[in-house]
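Q: Encoded as structure tokens, here's the structure I'll be asking about.
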Amino acid sequence: MALTDKDIKKLSHLAKINIDSKDEKIVLSKLEGIIKLIDTMQQVDTNNIEPMSHALDITQPLREDVVTEENQKNDFLKLGPESNEDYFIVPRVVE
Amino acid sequence: MKNLSLRELNLGLSNKKFSSEELTKFFLNEIKTSNPKINAFITVDEEKSLQQAKDADKRISQNDMNELTGIPIAQKDIFCAKGWKTTCASKMLDNFYAPYDSKVIELFNQHGAINLGKTNMDEFAMGSSNETSYYGEVRNPWNLDYVPGGSSGGSAAAVASGMAPAATATDTGGSIRQPASLCGLTGLKPTYGLVSRFGMIAFASSLDQAGPIAKSAEDCALMLKVMAAHDERDSTSIKHNVPDYLKNLDSPINGKTIGLPKEFFNDDLNQDIKVILEQVIDSYQKIGVNFKEISLPNSHLSIPVYYVIAPAEASSNLSRYDGVKFGYRAEEFKDLEEMYLKTREQGFGDEVKRRILVGTYVLSAGYYDAYYLKAQKIRRLIANDFKNAFNECDLILAPSCPSTAFKIGDKTEDPVAMYMQDMYTISTNLAGLPAISSPAGFLNKMPVGFQLIGNYFDEATILNFTHQYQQITDWHQKTPEADV
């Protein structure tokens, strides 16, 4: 499947990665190379094959609903690029 | 001290030949001398390491000592270590100081090992040459113009150059075995689920697995003994009785069978590497091991399948880097949307962005069935091939890499050529199987490795066979200083 400039813009939007318009061509050509590589899968007949999402067929373990870690709110807030004593701060989204 | 095994270091410490502080100072000094030309470490913190060494010396003096107490270990910069800068070799995490320890770091700390520093790697473990690091490429100690492999290139180069006795690493598609092979070392990727991924920065969660890079199978056995432990905080960590890998090293292997997949020993295999692998087969035959041709008919599909599944999982895992809760945030933006777009444009390198875009593509509406679901189905076929193969043999022998180390810059413009580096390693990640790379010889003065792949949780057999080979060969004892 050939990619178009429109696809690159859509992927940039979905992945939330800005792609400078001068780089679009090179990004496109490298992605096409990779998609050509993965397209070789299409020749394989996979009818009636169960998809394998995980290396070991295990189920999600459950545990008792008890607190295991102490509250580290302040440590984590400190890591944020901008925060006050209760929240991470981002540009205003609701006027 | 430079070329001593972990067991010898342990003996030296318990016999009071040297203290942990002296040992740690020795390796910190090696780093000071060699790191400027090799670039294997991103972060070294003498004060922290020496404090740990003093604590270890106290433990040793009180006879509260186990195999790794007082021994400095280099830690791949993918493992969160409390108070240490933990970057995953990305600008995105250049300002990130981990607020907690990963399970792997916690285990080394409990054993009284010394964190010698955080090693360089491909950014977010995406690469096979260590050239995608934000902190610059790592150089191969055997020839500084060549790559050390990746993504655990810093860990491999640190051990190969004698800056560290052993190192931790991670392997999503070959990132332990390929650099081990290219640097003349032994590197073990355990069964998926044996080592906890808690606090290990995620790339492709269904494939990522941590393991050791060291100078021998014996050292790897000792490292794995420490690293393998059940952890409730990793929902994919398996409850498994960890055997004494060291005790098992000397078990006789005569009469056992190694399988040779015909798909790996075809005309595509580099003829010089084939000759070296034939010598490995010869060595094993001399100690009574049988060989049998087996088939892994879907192995040629491993790379396309991997480059759907790994980017898909990465695109999801790396969505957390948005400039809100930690890590890099762009300086200028007009609104929240632009903050995300610019933060991720500026914070990620080209290869990481490429994989996020590929992952986004294969998961996007209209393509999910054709790519992601298709890849998961072929993943099942690949895993079934191994299941059938292990009905016929105890282990599988394979090349580690299609070539020896290549020159820095040789493959950076062609991502697909770079991806081919992992053609012999990736299928075991997809199946979740354990595999090791061990040194087997040299081509043009650059190391060549071979791979042994085992059944699920059969690390003991892999280490046993590798150790037996290393008892009758000395490739693993060669060092760049003495042998180049």
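Q: Hey, can you grab everything whose amide H is under 5 Å from the amide H of B:Ile42? Only 5+ residues off in sequence or another chain; H modelled, so Pro and N-termini drop out.
A: B:Lys118, B:Thr119, B:Asn120
Q: Another one. Mind sorting A:Thr59, B:Thr428, A:Thr46, B:Thr172 by how few other Cβ atoms lie within 10 Å of their own Cβ, fewest first? Working shown, then result.
A: Details: A:Thr59 6, B:Thr428 31, A:Thr46 17, B:Thr172 27.
Neighbour counts put them in this order, fewest first: A:Thr59, A:Thr46, B:Thr172, B:Thr428.
Q: Relative contact order for chain A: what percent, with Cα pairs under 8 Å and sequence separation of 6 or more? Present the calculation step by step, with values, prior to reporting the outcome.
A: Values: 26 pairs, mean separation 15.2, N = 95.
Relative contact order, chain A: 16 percent.
Q: In the structure displayed, which of B:Lys118/B:Lys353; A:Lys9/B:Lys342; B:Lys91/B:Lys325 lie more than 18 Å apart, Cα to Cα?
A: Working: B:Lys118/B:Lys353 24 Å; A:Lys9/B:Lys342 14 Å; B:Lys91/B:Lys325 15 Å.
Those over the limit are B:Lys118/B:Lys353.
Q: With angles folded into 0 to 90 degrees, how steeply does helix A:5-15 sit against the dominant principal axis of chain A? Use alpha carbons for both and round to 10.
A: 20 degrees
Q: Right, here's the next one. So the label point goes 7 Å from the Cα of A:Leu77 along Cα→C-beta, right? Which residues of the stretch B:306-330 then have their backbone N under 15 Å from it?
A: Counting backbone N atoms under 15 Å from the label point, the list is B:325-326.
Q: Let me ask something additional. Taking the beta-carbon count within 10 Å as an exposure proxy, list B:His476, B:His240 from fewest neighbours to most. Mind showing how you got there, number by number?
A: Working: B:His476 23, B:His240 14.
Taking fewest neighbouring Cβ atoms as first place, the list is B:His240, B:His476.
Q: Can you tell me the equivalent ellipsoid semi-axes for the stretch B:347-434? Use √(5λ) from the Cα gyration tensor, largest first, whole Å.
A: 27, 23, 9
Q: Right, another one. Consider just the alpha-carbon atoms of chain B and return their Rg together with their Dmax, both in angstrom.
A: When restricted to Cα atoms, chain B yields Rg and Dmax of 21.2, 71 Å.
Q: Note the full-extension length gain between B:Glu278 and B:Val242 as 0.36 nm times their separation in residues minus their Cα-Cα distance, in nm to one decimal. Kindly include the intermediate steps, with their values, before the conclusion.
A: Values: separation 36, 0.36 × 36 = 12.96 nm, distance 3.29 nm.
So the chain would gain 9.7 nm between B:Glu278 and B:Val242.
Q: D for the stretch B:49-144, whole µm²/s, Stokes-Einstein with Kirkwood Rh over alpha-carbon pairs at 20 °C and 1.002 mPa s: what number? Before the final figure, lay out the partial values.
A: On the way: Rh = 14.5 Å.
D, rounded to a whole number, is 148 µm²/s.
Q: If you count, for every residue in A:40-49, the Cβ atoms of partner chains within 10 Å of its Cβ, what is the mean?
A: Values: counts 5, 11, 4, 1, 8, 2, 8, 1, 1, 8.
The mean count of partner-chain Cβ atoms within 10 Å per residue comes to 5.
Q: Quote the FRET efficiency, to the nearest 0.05, computed for B:Gln285 versus B:Asp55 with a Förster distance R0 of 45 Å and r equal to the Cβ-Cβ distance. It would help to have the intermediate numbers written out before the result.
A: Numbers: r = 49 Å, r/R0 = 1.08.
Rounded to the nearest 0.05, the efficiency is 0.40.
Q: Where in the stretch B:269-293 does the label zone of B:Glu392 land, with the point 7 angstrom along Cα→C-beta and an amide N cut-off under 11 Å?
A: Residues passing the 11 Å test: B:292-293.
Q: Given R₀ = 35 Å, what would the calculated FRET efficiency be for B:Asn444 paired with B:Lys82, taking r from the Cβ atoms and rounding to 0.05?
A: Details: r = 44 Å, r/R0 = 1.25.
FRET efficiency, B:Asn444 to B:Lys82: 0.20.
Q: Another question, if that's okay. Based on Cα coordinates alone, diagonalise the gyration tensor for the stretch B:1-99, multiply each eigenvalue by 5, take square roots, and list the semi-axes in whole Å, largest first.
A: Values: eigenvalues 143, 51, 23 Å².
Equivalent ellipsoid semi-axes, largest first: 27, 16, 11 Å.
Q: Taking the alpha-carbon set of chain A, what are its Rg and Dmax in Å?
A: Gyration radius and largest Cα-Cα distance of chain A: 22.5, 57 Å.
Q: Return the Cα extents of the stretch B:366-484 along principal axes one, two and three, sorted largest first, each rounded to a whole Å.
A: 57, 41, 17
Q: Extent of the stretch B:80-220 along each principal axis, from alpha carbon coordinates, in Å, largest to smallest?
A: Reported extents, whole Å, longest axis first: 37, 35, 29.
Q: Can you compute log10 of I(q)/I(0) for the stretch B:244-291 with the Debye formula, treating each Cα as one identical point scatterer, at q = 0.18, 0.28, 0.29 Å⁻¹?
A: Evaluating at q = 0.18, 0.28, 0.29 Å⁻¹ gives log10 I(q)/I(0) of -0.68, -1.03, -1.06.
Q: Counting only DSSP beta bridges with both residues in chain B, what percent are antiparallel, rounded to the nearest 5?
A: 70 percent
Q: Along its three principal axes, how long is the stretch B:221-323 when you only count alpha carbons? Whole Å, largest extent first please.
A: 57, 39, 22
Q: To make sure I understand the rule: partners must be aspartates and glutamates, Cα under 12 Å from the Cα of A:Lys30, and not fewer than 8 residues away in the same chain. Which ones qualify?
A: Leaving aside aspartates and glutamates fewer than 8 places away in the same chain, those within reach of A:Lys30 are B:Asp350, B:Glu351, B:Glu413, B:Asp414.
Q: Which distance in nm do the two modelled labels at A:Glu32 and B:Arg320 give, with both placed 7 Å along the Cα-to-Cβ direction?
A: 3.6 nm
Q: With respect to the cross-link table entries A:Lys16/B:Lys82; B:Lys25/B:Lys76; A:Lys16/A:Lys36; B:Lys85/B:Lys445, which display a Cα-Cα separation exceeding 26 Å?
A: On the way: A:Lys16/B:Lys82 30 Å; B:Lys25/B:Lys76 20 Å; A:Lys16/A:Lys36 24 Å; B:Lys85/B:Lys445 36 Å.
Table pairs above 26 Å Cα-Cα are A:Lys16/B:Lys82; B:Lys85/B:Lys445.
Q: Describe numerically, in nm with one decimal, the distance between label points set 7 Å from Cα along Cα→Cβ at A:Ala2 and at A:Asn84.
A: Taking the two extended label points, one gets 5.5 nm.
Q: Let me ask something else. Taking H placed 1.01 Å from N in the peptide plane, check which residues at least 5 places from A:Ser83 or on another chain put their amide H under 5 Å from its amide H.
A: A:Ile89
Q: Suppose we look only past 16 Å in the calculated P(r) of the stretch B:272-334. What percent of the Cα-Cα pairs does that tail hold?
A: Numbers: 1422 of 1953 pairs.
Tail fraction, whole percent: 73.
Q: Same structure again: Compute the orientation-averaged projected area for the protein assembly as shown from the convex hull of its Cα atoms and round it to one decimal in nm².
A: 27.0 nm²
Q: Counting pairs of alpha carbon atoms under 8 Å apart in space and at least six apart in sequence, what relative contact order in percent does chain B give? Could you put the intermediate results ahead of the total?
A: Values: 1150 pairs, mean separation 84.4, N = 484.
Rounded, it is 17 percent for chain B.
Q: Sorting check: for B:303-316, B:14-27, which peptide has the highest mean count of neighbouring beta carbons within 10 Å, and how do the rest follow? If you can, show how the numbers build up before the last one.
A: Numbers: B:303-316: 24.9, B:14-27: 17.4.
Peptide ranking by packing, descending: B:303-316, B:14-27.
Q: Under 5 Å between amide hydrogens, which residues at least 5 positions from B:Phe291 or on another chain qualify, with H placed 1.01 Å from N in the peptide plane?
A: HN-HN under 5 Å from B:Phe291: B:Ile258.
Q: Could I ask something else about it? Need one word for the stretch A:25-71: rounded, prolate or oblate. Basis is the Cα gyration tensor (sqrt eigenvalues a ≥ b ≥ c); a/c below 1.5 gives rounded, then a/b vs b/c decides.
A: It is oblate, given that a/c is not under 1.5 and a/b is not larger than b/c.
Q: Related question: Full-extension gain between B:Thr473 and B:Phe26, please, as 0.36 nm times their residue separation minus the C-alpha to C-alpha distance. Don't skip to the answer; put the middle values down first.
A: Numbers: separation 447, 0.36 × 447 = 160.92 nm, distance 2.89 nm.
So the chain would gain 158.0 nm between B:Thr473 and B:Phe26.
Q: Further question: Exposure proxy check: B:Arg197, B:Arg7, A:Arg92 ranked by fewest other beta carbons within 10 Å? Please list the in-between numbers first.
A: Values: B:Arg197 23, B:Arg7 15, A:Arg92 8.
Least to most surrounded, the residues fall as A:Arg92, B:Arg7, B:Arg197.
Here, each number is a calculation from the coordinates, and none is a lab measurement. Remember, predicted model here, so these are calculated numbers, not experimental data. A quick note on method: Cβ atoms are made from the backbone with ideal geometry, for glycine too, and the neighbour counts reach across all protein chains shown.
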